[in-house]
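Read the structure below first, then the notes.
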Amino acid sequence: MQTYPFDVVEVARTVRQPPLTDLVGRAARRVRRRRALLSAAAVAMTALVAVTAVPVLRGVNLTAVPAEDGTRAGVRTATAVLDRGTVVTVRYGECAAEFSVTTDGGRTWSPYRGPVPWRDCGAPTTTSYRLLGPRVFAAEVQGARYLTRDAGESWHREEERVRTGGSVPPQAREQGDVPGQLVDPDTGTLYQPDTLAGPADGAGLLRRASDGTLWALLPGSAPGGDGQPAVPKVARSDDSGRNWRWSAPFPASVARALLVAVGPEQAYVVGDCPDGAAVYRTDDGGEAWFATYVAWESAEAATVNSGGDLLVGGWEEDGRFAAWVSRDGGRSFSRGEAITVPDGSAAGVADGRLWVAGGSGWAATSTDGRWRVTEPRRD
């Protein structure tokens, strides 16, 4: 083998390595781009997707795309947390979808159950599902929509029901995968109240506070034109969606915005602003907004716990998922634990807790910056 000598000093003089800070920044940007692509694929697409591509994970506040299960060809799995005690994992393929549930931290799991027997039909068809409540799931297989209200024990054919306009019943909660909708977690009925959005504004995020106050984050106009983050519009309803009131003009453009409703006077908007990641808060019903710039790169989920602390979850540069906690109304934050998540991850909120999940039944939740892990399925 022929070798070629080189002069170490000459190489060092002529080949300049980029600064370490540049390398770190590039790595962080790669992580953010990867997470942004995953999140965009889940929250932006609302049409059904053929499983020959990667299907969209549709459920309650989900923000990622499932990965291949790897145990058998053509099978994919995804996991989500639906309330303080319910974790569901979904196994689905070209011609079937099955659901398994745990309510005891993963110590026991129900059998996989679906509306049709598992089969491989050998041709690309359309399969999708939605997680509408702790025991209410919908699956669409080969053009037929099936619904269960008992966590998969029984199924029946039922078309999707969306009630538009008017007031929203008190039990309806936010439905994360379709903008502008709330869902009754006991029946699966969807509600789309009228908001202050004009024809050009489109649907926005709807969030319900514990006292019933509804807040809406509506898309606005981009000050720099197309391709630039928009300045959102915020509205509030104190009568279950019958009437809405605009907040004061929002002070900044926000990308990847999250909305957290606390009550009639208090709400948060979390997102990526031109000067960095920020949390905007209002304590007077939207009359004024105040910003806190924060250390995380980009947030994936945000909520308030039962004590009123603001929880924010986001991906770290090393790919772990970290929890951040504010105990002073969003004015300052402390970093909690960061956790390694299996591939095919999803993140969201449920009943005042952050959650992140992946694989076949793996999930972790946090109400205080510390993570509690559900035991995954042992197939």
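The values are calculated or read from the model by the stated rules, or taken from the named source; none is laboratory data. Keep in mind that this is a model prediction, so the values were computed, not measured. Cβ sites come from the backbone with ideal geometry, for glycine too, and all protein chains shown count toward neighbours. For accessibility, only protein heavy atoms count, side chains too; no ligands or nucleic acids. Shrake-Rupley method; radii C 1.70, N 1.55, O 1.52, S 1.80 Å.
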query: Of all residues in the stretch 83-109, how many are hydroxyl-bearing (Ser, Thr, Tyr) and either surrounded by 22 or more Cβ atoms within 10 Å (Cβ to Cβ) or in contact with a Phe, Trp or Tyr (Cβ under 7 Å, 6 or more places away or on another chain) (or both)?
result: 4
- line: If we ask which residues in the stretch 264-286 are modelled with pLDDT of 95 or more and open to solvent by 10 Å² or more (accessible area, probe 1.4 Å), their number turns out to be 7
field: Yes/no for ASP351 being buried (at least 16 other Cβ atoms within 10 Å of the Cβ) and at positive phi
entry: yes
task: Kindly indicate whether ASP120 is part of a loop (DSSP other than H, G, I, E, B), farther than 30 Å from ASP239 by Cα and at pLDDT below 95.
output: yes
Leading residue by the ranking (nearest to GLY344 (Cα to Cα)) among those in the stretch 77-93 that are among the small types (Gly, Ala, Ser) and in a strand (DSSP E or B): ALA78
- request: Scan the stretch 308-315 and give yes if some residue there is open to solvent by less than 20 Å² (accessible area, probe 1.4 Å), closer than 18 Å to GLY263 by Cβ and not polar (S, T, N, Q), otherwise no.
  value: yes
query: Quick check: is even one residue across the stretch 212-225 modelled with pLDDT of 90 or more, surrounded by fewer than 19 Cβ atoms within 10 Å (Cβ to Cβ) and at negative phi?
result: no
message: Test of understanding: among ALA267, ALA261, ALA277, ALA255, which residue is touching a strand residue (DSSP E or B) at 6+ places or on another chain (Cβ under 6 Å) and free of Cβ contacts under 8 Å to residues at least 40 places away in the same chain?
response: ALA255
query: If ALA144 satisfies every condition in (1) farther than 30 Å from ASP211 by Cα; (2) under 23 Å from the mean Cα position of the chain (by Cα); (3) not β-branched (Val, Ile, Thr) but one, which is the exception?
result: (2)
message: Cβ contacts < 8 Å: first residue surrounded by fewer than 18 Cβ atoms within 10 Å (Cβ to Cβ), restricted to the stretch 146-170; second residue basic (Lys, Arg), any location; separation 6+ or different chain. Result?
response: ASP150/ARG135; GLU153/ARG113; ARG157/ARG145; GLU158/ARG145; GLU159/ARG145; GLU160/ARG145; GLY166/ARG242; SER167/ARG242
field: Single match in ARG331, ARG370 (criterion: surrounded by fewer than 21 Cβ atoms within 10 Å (Cβ to Cβ), over 19 Å from the mean Cα position of the chain (by Cα) and farther than 21 Å from GLY271 by Cβ)
entry: ARG370
- request: Filter the stretch 149-177 for residues that are over 22 Å from ALA261 (Cβ atoms) and assigned to a loop (DSSP other than H, G, I, E, B) and give the result.
  value: ARG149, ASP150, ALA151, GLY152, GLU153, SER154, TRP155, GLU158, GLU159, GLU160, ARG161
